[in-house]
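Worksheet: one structure, shown below.
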């Protein structure tokens, strides 16, 4: 009976949009690394931790006014909410119960209450005893009056900060890789301490040294000596004690040096991975991202132009030499093999990508990236560079949205030069922006006061721009070449294509945005 | 037949050669790489495997003589520079177009004696940029190049005694009556540089100036007839 009730409640939750929405928003607040709100919440929690710990420190020598308790209570309340939230979203129990129930249904068996309860408790208990959850709980614990003695656990709140400092987590992850070396050094250290403190105690613990009363004193002395701190509060007095000190200091120095080099090595080995993780988490927050594969000459020129117009992009290349430029200009970049699925997955599929540009000089690579992307998202716009005339068709078959074959365009322009250089200059300047003259487009959007008026009426002629055409939005693009300045009236969603000085075009755009009704 | 020298049967060189495959031109293709030369010959051109580092070869292919235009489009930047310099040294009037890797190299090539420079990477990048940032512009440019039969860019020299001779540009509005777009002009008084009308300078048109217009072939022909009056 209870089992049925739990199952139907799971179905009810699964069908409730509201429940899911609330859960998603809690997830966004607490866990989703891509959400915009999480950084603020994290910052708030860190602030609370620092505040309550500072109060604790201040409290040692001063009496606090009563209302400081309120801050403590608010902080604890927030911490409890946070823990409960994480406890809730740690797992989707309803889905587990439903899938268990449906499996049983297929087998024609009745769902067992015991198994359902096991599913519920096991998952949640597992979460409760996970390291992160224990840190959170320890931070809440000292708030109970009866546990006042546990006030010292307040410093566990400082551990909460681990949760929010990603670099620290990555650092620990790096050290994990060197587990063997570090363990070895640790065991070596413990062995040296135990050995030398035993020898010390045997030789000087029997009253020879007035400072050593117990074995603990000997261990304390050994640790202080091996770490090369050497306070000097306990010093050996016998010959044997001094001999063992010499060896201990030598060994301690070696262990210290070795562990330093192990950590440094691990860091330098993994620093690029750390950097990449950082870049990926950064671009994960961006929207309308442009991904450029290949940072050769074409990729570099394109990136420079995109940077100029404040577009968000990332470049991917396998050549370190090429990427040195990207580092110099402070672009987002990934040093990765674009032919591997993982690279495309982490850069393209996991992010909000608007367009992908393939600029490598290798058609096989360009095609392979193109097909990988199109196999997954056929609507994602891909602009591909073809490096040989024969391959253009292949790019079209692979459904590239645009294929650029720069050599043909260049040849066409170059051939113009045989005749008179004038036409060459004109075409060249339009195709490759060489001075302040640029070809641009201006959209007449809904609500613009330009609608229903002619080119002459809107006063565009006071700027010395050359109007080329009007492009009408629609099922198939209608194209009006050289629109009449007096009789053509603008309609909604017309795009005006014109040549002019950058500053003039900027002024016109500004004018349009200001004249919105 | 106009004599043209093409140095470098590269991706760019190959496309140029294809476009020049008419009776109008006699193209000499030179490449330092025998594989490229073989490819050129295979594809129906006359390729020669030699180097242009030696002035004797330059003279042999007609530079300093009949050759009118030199395209330096090899993949080696410093080689292009060297050939440009040697050719300019032999012939002051030769038209030299040199391929560069990026805009910054342009000045160096001009200093070496190239008349104009061009970069396929700039062209490619600019095209990709337009598709991303100015999709309408790239649509219009595509249309213009696909409609090549009807709409084209044309240059028109102003003859002596034309009704346009001595007229200030801003005083007349020809766009409406001619149905042409006036892009810019080459003003002989100001030198060899092409100037866009969109720069906003009020030019005085003189005889021998060259106007660059965009329009249908029919309208261009009508305009050409008209300026003689």
Would you compute, from DSSP H runs of 4+ residues alone, the mean residue ellipticity of chain A at 222 nm, taking -39500 (n - 2.57) per run and dividing by the full residue count, rounded to the nearest 500? -19000 deg cm²/dmol
Could you state the number of Å between the C-alpha centres of region A:288-317 and region A:334-371? 13
Over 5 Å intervals from 0, what percent of Cα-Cα pairs in region B:17-75 sits in each interval? 4, 17, 27, 28, 18, 5
Among A:18, B:2, which comes first, then next, by fewest other beta-carbon atoms within 10 Å? A:18, B:2
Where the eigenvalues come from the Cα gyration tensor of the protein assembly as shown, what are the semi-axes √(5λ) of the equivalent ellipsoid, largest first, in whole Å? 71, 38, 26
Starting from the 7 Å offset along Cα-to-Cβ, what nm value, one decimal, do you get for the label separation of residue A:267 and residue A:77? 4.3
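For region B:95-220, how big is the tail of P(r) above 22 Å, as a whole percent of Cα pairs? Mind dumping the intermediate values first?
Numbers: 4140 of 7875 pairs.
Value for region B:95-220: 53 percent of Cα pairs lie more than 22 Å apart.
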Shielding by partners, peptide B:110-122 (average Cβ within 10 angstrom, other chains): 5
One finds, for residue A:274 and residue A:133 with R0 = 45 angstrom and r their Cβ-Cβ distance, a FRET efficiency to the nearest 0.05 of 0.95
With N denoting the number of residues in region A:340-463, provide Rg(C-alpha) divided by 2.2 N^0.38 Å, to two decimal places. 1.46
In nm, what is the difference between 0.36 nm times the number of residues separating residue A:288 and residue A:123 and their Cα-Cα distance? 55.6 nm
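What share of Cα pairs, in percent, lie more than 15 angstrom apart in region A:179-271?
59
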List, largest first, the extents of the alpha carbons of region B:2-119 along their principal axes, each in whole Å. 36, 29, 25
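Counting other beta carbons within 10 Å of each Cβ, put A:385, A:103, A:423 in order, fewest first.
Working: A:385 31, A:103 11, A:423 21.
The fewest-first ordering by Cβ neighbours comes to A:103, A:423, A:385.
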What is the pair-distance distribution P(r) of region A:264-339, computed from all Cα-Cα distances in 10 Å bins starting at 0, with each bin given as a whole percent? 18, 52, 25, 5, 0
Percent of alpha carbon pairs in region B:150-226 separated by more than 15 Å? 52
What is the mean number of Cβ atoms from other protein chains located within 10 Å of the Cβ atom of each residue in peptide A:71-79, rounded to a whole number? 0
Which of B:132, B:100, B:201 fluctuates most in a GNM of chain B (C-alpha springs under 10 Å)? That residue is B:201
Which distance in Å, rounded to a whole number, links the C-alpha centroids of region A:380-408 and region B:184-226? 36
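When the Kirkwood radius is taken over all Cα pairs of region A:436-514, what Stokes-Einstein diffusion coefficient follows at 25 °C and 0.890 mPa s, in µm²/s? Kindly include the intermediate steps, with their values, before the conclusion.
On the way: Rh = 12.6 Å.
This corresponds to a translational diffusion coefficient of 195 µm²/s.
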Write down the radius of gyration of region A:286-408 and its Dmax, each obtained from C-alpha positions, in Å. 13.3, 38
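So what's the convex hull volume per residue for the Cα atoms of region A:2-89, in Å³? Could the numbers behind the result be given before it?
On the way: hull volume 11.8 nm³, N = 88.
In region A:2-89, the Cα hull volume divided by residue count equals 134 Å³.
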Equivalent-ellipsoid semi-axes (√(5λ), Cα gyration tensor) for region A:2-164, whole Å, largest first? 39, 18, 13
Using label points projected 7 Å from each Cα along Cα→Cβ, tell me how many nm separate residue A:34 and residue B:33, to one decimal. 4.3
Which residues does a label at residue B:143 reach in region A:483-517, if reach means a backbone N under 16 Å from a point 7 Å past the Cα toward the Cβ? A:483-485, A:488-499
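Using a Förster distance of 35 Å, how high is the FRET efficiency between residue B:42 and residue A:399, based on the Cβ-Cβ distance and rounded to 0.05? Numbers along the way, then the final one.
Numbers: r = 32 Å, r/R0 = 0.91.
According to the calculation, E is roughly 0.65.
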Footprinting proxy, A:247, A:203, B:196: sorted fewest to most Cβ within 10 Å, the residues are A:247, A:203, B:196
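Hey, got the average number of other protein chain Cβ atoms within 10 angstrom for residues in A:497-504?
Numbers: counts 9, 4, 8, 5, 4, 0, 0, 3.
Mean partner-chain Cβ count within 10 Å for A:497-504: 4.
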Linear extension gain, residue A:213 paired with residue A:113, 0.36 nm per residue minus alpha-carbon span: 29.8 nm
Once label points are set 7 Å from the Cα along Cα→Cβ at both residue A:257 and residue A:354, what is their separation, rounded to one decimal in nm? 5.7
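Work out the FRET efficiency for residue B:24 and residue A:473 from their Cβ-Cβ distance, taking R0 = 51 Å, and round it to the nearest 0.05. Don't skip to the answer; put the middle values down first.
Values: r = 43 Å, r/R0 = 0.83.
Computed FRET efficiency for residue B:24 and residue A:473 comes out at 0.75.
Two-decimal Rg/Rh of chain B from alpha-carbon positions, Kirkwood Rh? Numbers along the way, then the final one.
On the way: Rg = 20.4 Å, Rh = 20.1 Å.
Dividing the radius of gyration by the Kirkwood radius yields 1.02.
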Under the 0.36 nm per residue contour assumption, what length would be gained going from the current alpha-carbon distance of residue B:201 and residue B:68 to full extension? 44.6 nm
Most mobile of B:158, B:118, B:59 per a Gaussian network model of chain B (Cα springs, under 10 Å)? B:158
Could you state the number of Å between the C-alpha centres of region A:31-49 and region A:113-134? 26
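Every number in this text was worked out from the coordinates using simple rules, so none of it is lab data. Nothing here was measured: the structure is a model prediction, and the numbers come from that model. Using ideal geometry, Cβ is built from the backbone for each residue, glycine included, and neighbour counts are taken over all protein chains shown.
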